[in-house]
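The values are calculated or read from the model by the stated rules, or taken from the named source; none is laboratory data. All of these numbers come straight from a predicted model, not from anything done at the bench. No Cβ is skipped: glycine too gets one built from the backbone with ideal geometry, and neighbour counts run over all protein chains shown.
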Amino acid sequence: MADTLAIVLPRVRPRLGRDEWLMGGSLLVLALYLTVTLLIPLVVMLSKSLEDRHGVFVGLSNFVRYFGNPSLTAAIGNSLWVSALATLIVVTLAFGYAYALTRSCIPFKGFFRLLAMVPLLAPSLLSAIALIYLFGNQGALKSWLFGASIYGPIGIVMGSVFWTFPHALIILITALSTADARLYEASESLGASAWRTFTTVTLPGARYGLISATFVTFTLVITDFGVPKVVGGQFNMLATDIYKQVVGQQNFQMGAVVSLILLLPALLAFFVERWAQSKQTSALSSRAVPYQPKPHATRDLALLGLVSLVGILILGILGMAAFASLAKLWPYNLTLTLHHYDFSTADGGSWASYFNSIRMAFYTAVFGSVVVFAGAYLVEKSRVAKALRTATHMLALIPMAVPGMVLGLAYIFFFNAPGNPLQFLYGSMAILVLVSIAHFYTVSHLTALTALKQLDPEFESVSASLRTPFYRTLWRVTTPMCLPAILDIAIYFFINAMTTVSAVVFLYSPATTLASVAVLNMDDAGDTAAAAAMAMLIVVTAGGVRLLHAWLSHWLHQRTQAWRQR
Amino acid sequence: MSTPYLRIRNLTKRYGHFTALDDVSIDIVKGELICFLGPSGCGKTTLLRAISGLDIQTHGTVEQDGRDISALPPAKRDFGIVFQSYALFQNLTVARNIAYGLENRKQPRAVIQQRVKELLELIGLPDSGNKYPSQLSGGQQQRVALARALAVSPGLLLLDEPLSALDAKVRIHLRDEIKALQRRLGLTTIMITHDQEEAIGMADRIVVMSNGKIEQVGTPFEIYHQPASLFVAEFIGAMNLLPATLVQQGEIQLGQARLTCPVDGFATGTTVRAAVRPEDVVCTGRTNGHANSFEAEVQELEFMGPYFWLSLGGGALGEHRLRAQLPRQQARELDLRLREFTHLHIPAEHIRLFPDGYRHG
Ligand SMILES: Nc1ncnc2c1ncn2[C@@H]1O[C@H](COP(=O)(O)OP(=O)(O)OP(=O)(O)O)[C@@H](O)[C@H]1O
Ligand SMILES: [Mg+2]
């Protein structure tokens, strides 16, 4: 019956109103934006790996040359084992730390939680610089290494552990806070020992969090460029190889080859992480009862010891960098001075780079949150072009799987290509903002989606029935209700744009030098104290912005308390 | 019937290979309150969303007040809608919520304020204009959602399970209010519900749906007393559905009993299902003076307050079971007891026959 009808009756072709045209049009613009700032550069880079210096297609011969060169392929093994070791240390420490914060009765939990987040405010370079002051040739604690050199795998692992620690910790805290108290009661009532409860209830409960943390940390370490650049010495890693090939030898094709190799672990991590995330959320039943830890003297004391140790290490690294930036002439004259913050005599950085960074981070935060929020709104709430919405969402997920170095290199290939009408962007502030928005798009997009999903899905239907244009409701209802999430996105963009090195290191110009890149260049030029000073400036700025954000969020909460659900 | 206000013809909605609405046609008269009733997933919301343009049908046409609106986007149609979740704008006060649709129409502030005031009085919340939705109870919030939809004076009001998020008492209260308001405004209204009592209590006409199709359209009385299909018979109210054989035109055999009943369109000898409402089964105890009667054993006896639930079997019924509803007074007079036999009488006009075979659920 239905089939015969389908033949008899014409298919209804919905007519589009102004709302539908506007939504569809905006969606198209967004999809184009992501295609131009993300997809096309990546595709261009992919094709570059198959070309020679003159742009002639040479098939896989670049790859053949790469794999035929042991001094290059050594970096693969190096990257893998160093990243694996750092990941093992970070995940173990972070698990203990998260366990202490969520499952024990140690004092000062709030303080320890905050302290562990401090590395997020610093460029990854900072830890490497501090390590040089601590364990380098003139290091304060050089003897602790028993003659081994900090330049190389030891330094890379130590530095990576410092800056990736909070990333793993956040994931593990989430995983451990979703515990169901009923399982613990059941285990206790069955007379299981604490250890048995730990291995049969706690670990399995947190397994997706552990998997997720492992892959995220591994990707962060293997794709990081700052730490190995500063403290890696002659030890080759994939990320530094890209830099060497591109900046050192101007061999862009080989840079593209290494980039593709670096893309593999990142892609793998991306899929594993998505899979673990979906498992994690489905494991959370709505009837779960939150776990309330009970005091347990020996456990709490041991865990307090652990968090204190980690806390001291974090403070030690940060304190070392701060002291290095203030000491007159390490290690001979330790009188405090602000001289290194002058930068006028420093090679590779200046206050101008600092202000460039602030501007860049500000633009990234403002335009980034607008683009991301509007994009997430269109993907989640618009009634039109389902296929385009799905495609846009897919595009928005790509950056998570793309290391910054790779994105930066892809931008060179695309935006600097002769004949590209967008070439005028090359070397401008705009390209730095574009690459930073693209680089940090995914997390922001997912944050915005989560906030939008919490709103009643029928707001748009009601609005249409009242013949109110969608943008009016977006402005008067949706945006105010999502303001806390929008603030979170803005701060995320700001701090990351302020601290990142990897993508922008290929793209800055003399007019747009950046603070984080200045740290790198001043360190390269041997002006380590000035580099430390610039790194500290970044930390202080990011910290200040964080405080401002906390204050704004609080103010917003107060102001909107009248209508927020009790 | 005069020309319908809303003419729905051959509406079909597909999601891939799944057909959520299958060739649905209804006429809705101006000023009536019509309920879509059916089990979960039968396509009620899909039909409502097609009418509103929020999810346009794959095939078929919708005409409102003589205008073909089949393919129009929601903003080009003329309706107000209220959802189960209220969907109130939480960051706006009650008054701003109600004024929301008016503000877009460039009316003077004073006119809007006057209208909001009227509506607040209409829904019985004259002093709540400055509150936020979260400061109101569920029932009050749903009233505000109703006022917001009514503010722009739509020609058609759509309600998707407006009462099912509320608790029983508020629900019955609000049910009466909506009904009274709808009468007063003479507003053509479509309401979805899966609560048959609600549908019977409120609707001028009910559309019973199952599996994306319309089973029956009729007044609550017709739906209850003349169910058009086995599905409707089973879905609305309590119903005995007993296998029987048509032994001759006008007579069926049910177990050992022979009963007369109206028959249309069945050949002699076919197996049918005889539908009898429990309250239409008359118990006569030891006396037997009726036609259409037989004897059976009281196998269960359940006190329900104003009446007893009886489960009858054995005797002429054999394996079959018949449920009956007996007023308390009568049960006392007959002095019915468990395991005793009683005479039963089913008036011929209360037996309806349905083809055997298809059985829902
Ligand atoms: N977007 C969609 N994609 C695929 N199937 C859908 C979609 N929306 C609805 N359906 C299916 O269409 C059928 C009818 O759904 P509908 O929401 O109309 O049911 P309903 O009668 O309103 O049920 P309920 O009483 O549960 O609200 C269901 O089987 C549902 O799974
Ligand atoms: Mg529904």
Practice problem: Take the range B:213-236 and flag every residue that is within 16 Å of residue B:44 (Cα to Cα), outside any strand (DSSP E or B) and without any contact (Cβ under 8 Å) to a residue 40 or more places away in the chain. | Solution: B:232
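Just to be sure I understand, how many residues within the range B:139-169 are under 21 Å from residue B:49 (Cα atoms) and more than 16 Å from ligand 1 (Cβ to nearest atom)?
Here the count works out to 14.
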Exercise. Working only within the range A:4-49, note down all residues that are in contact with a strand residue (DSSP E or B) (Cβ under 8 Å, 6 or more places away or on another chain), of a type in the set (A, V, I, L, M) and surrounded by fewer than 17 Cβ atoms within 10 Å (Cβ to Cβ).
Key: A:5, A:6
Self-check item: All positions within the range B:76-85 that are more than 8 Å from chain A (Cβ to nearest Cβ) and closer than 16 Å to residue B:137 by Cα
Solution: B:84
Quiz item: Only one of (1) in contact (Cβ under 8 Å) with a residue 12 or more places away in the chain; (2) part of a loop (DSSP other than H, G, I, E, B); (3) more than 16 Å from ligand 2 (Cβ to nearest atom) fails for residue B:85. Which number is that?
Solution: (3)
Practice problem: Select the helices (runs of 4 or more DSSP H) contained entirely in the range A:457-566, then report the ones holding at least 3 residues which are under 28 Å from residue A:442 (Cβ atoms) and among the aromatic types (Phe, Trp, Tyr). | Solution: A:479-499
Quiz item: Listed residues B:136, B:120; which is away from ligand 1 (no atom under 16 Å from the Cβ), farther than 22 Å from residue B:194 by Cα, within 13 Å of chain A (Cβ to nearest Cβ) and touching a helix residue (DSSP H, G or I) at 6+ places or on another chain (Cβ under 9 Å)?
Solution: B:136
Practice problem: Go through (1) farther than 13 Å from residue B:213 by Cβ; (2) within 20 Å of the chain's Cα centre (by Cα) one by one and return the number of the condition residue B:5 breaks. | Solution: (2)
Quiz item: Looking only at the range B:12-23, which residues are crowded, with 18+ Cβ neighbours inside 10 Å and within 15 Å of ligand 2 (Cβ to nearest atom)?
Solution: B:13, B:20, B:21
Quiz item: For the range A:185-298, which fully contained helices (runs of 4 or more DSSP H) count at least 3 residues that are free of Cβ contacts under 8 Å to residues at least 40 places away in the same chain, surrounded by fewer than 21 Cβ atoms within 10 Å (Cβ to Cβ) and at positive phi?
Solution: none
Exercise. Report yes if residue B:88 is more than 30 Å from residue B:16 (Cβ to Cβ), more than 15 Å from ligand 1 (Cβ to nearest atom) and surrounded by 23 or more Cβ atoms within 10 Å (Cβ to Cβ), otherwise no.
Key: yes
Quiz item: Only one residue in A:225, A:271 is aromatic (Phe, Trp, Tyr) and more than 21 Å from residue A:86 (Cβ to Cβ), so which one is that?
Solution: A:271
Exercise. Enumerate the pairs (first residue in the range A:13-30 and facing chain B (nearest Cβ under 7 Å); second residue anywhere and crowded, with 20+ Cβ neighbours inside 10 Å and basic (Lys, Arg)) with beta-carbon separation below 9 Å, excluding pairs fewer than 6 apart on the same chain, so at least 6 apart or on different chains.
Key: A:19/A:383; A:20/A:383
Quiz prompt | All positions within the range A:326-375 that are surrounded by fewer than 14 Cβ atoms within 10 Å (Cβ to Cβ) and in contact with a Leu (Cβ under 8 Å, 6 or more places away or on another chain) | solution = A:328, A:336, A:338
Quiz item: Going through the range B:127-185 one residue at a time, which ones are more than 24 Å from residue A:464 (Cα to Cα) and of a type in the set (Ser, Thr, Tyr)?
Solution: B:128, B:137
Practice problem: State which residue pairs qualify: first residue under 30 Å from residue A:225 (Cα atoms) and inside the range A:83-105, second residue assigned to a helix (DSSP H, G or I) and not hydrophobic (A, V, I, L, M, F, W, C) in any location, beta carbons under 6 Å apart, and separation of 6 or more residues or different chains. | Solution: A:86/A:160; A:87/A:214; A:87/A:217; A:90/A:164; A:90/A:217; A:91/A:214
Quiz item: Which residue, of B:44, B:106, B:131, is on the phi < 0 side of the Ramachandran plot and either away from ligand 2 (no atom under 16 Å from the Cβ) or of a type in the set (A, V, I, L, M, F, W, C) (or both)?
Solution: B:131
Exercise. Answer with yes or no whether residue A:328 is within 19 Å of residue A:126 (Cα to Cα), among the basic types (Lys, Arg) and over 20 Å from the mean Cα position of the chain (by Cα).
Key: yes
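Quick one: which strands (runs of 3 or more DSSP E) sit completely within the range B:262-347 and have at least 3 residues that are farther than 21 Å from residue B:233 by Cα and out of contact with any Lys or Arg (no Cβ under 6 Å at 6 or more places or on another chain)?
B:282-285, B:293-303, B:341-345
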Self-check item: Only one of B:68, B:55 that is surrounded by fewer than 22 Cβ atoms within 10 Å (Cβ to Cβ), within 12 Å of ligand 1 (Cβ to nearest atom) and either farther than 30 Å from residue B:237 by Cα or at pLDDT 95 or above (or both)
Solution: B:55
Quiz item: Within the range B:71-79, is even one residue of a type in the set (Gly, Ala, Ser), more than 16 Å from ligand 1 (Cβ to nearest atom) and modelled with pLDDT under 95?
Solution: yes
Quiz item: Could you list, in sequence order, the residues of the range B:169-212 that are in a helix (DSSP H, G or I) and within 21 Å of residue B:24 (Cα to Cα)?
Solution: B:196, B:199
Exercise. Go through (1) part of a helix (DSSP H, G or I); (2) buried (at least 18 other Cβ atoms within 10 Å of the Cβ) and name the single condition residue A:106 misses.
Key: (1)
Exercise. Tell me, yes or no, whether the range B:90-99 has at least one residue that is in contact (Cβ under 8 Å) with a residue 60 or more places away in the chain and away from ligand 2 (no atom under 16 Å from the Cβ).
Key: no
Quiz item: If only one of B:49, B:9 is away from ligand 2 (no atom under 16 Å from the Cβ) and more than 8 Å from chain A (Cβ to nearest Cβ), which one is it?
Solution: B:9
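Look through the range B:176-196, keep the residues that are away from ligand 2 (no atom under 16 Å from the Cβ) and of a type in the set (Ser, Thr, Tyr), and return whichever of them is farthest from the chain's Cα centre (by Cα).
Filtering the range B:176-196 down to residues away from ligand 2 (no atom under 16 Å from the Cβ) leaves B:176-189.
Now narrow it down to the ones that are of a type in the set (Ser, Thr, Tyr): B:188-189.
Working: B:188: 17, B:189: 14 Å.
Ranking the candidates gives B:188 first.
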Quiz item: Among the listed residues B:166, B:120, B:158, which satisfies the condition of being in a helix (DSSP H, G or I) and surrounded by 19 or more Cβ atoms within 10 Å (Cβ to Cβ)?
Solution: B:120
Quiz item: Can you tell me which of A:417, A:438, A:410 is surrounded by fewer than 18 Cβ atoms within 10 Å (Cβ to Cβ) and either at pLDDT 90 or above or not in a helix (DSSP H, G or I) (or both)?
Solution: A:417
Quiz item: Do the conditions hold for residue A:149, that is, is it assigned to a helix (DSSP H, G or I) and of a type in the set (S, T, N, Q)?
Solution: no
Practice problem: Can you tell me which residue within the range B:35-48, out of those that are of a type in the set (A, V, I, L, M) and buried (at least 23 other Cβ atoms within 10 Å of the Cβ), is farthest from ligand 1 (Cβ to nearest atom)? | Solution: B:37
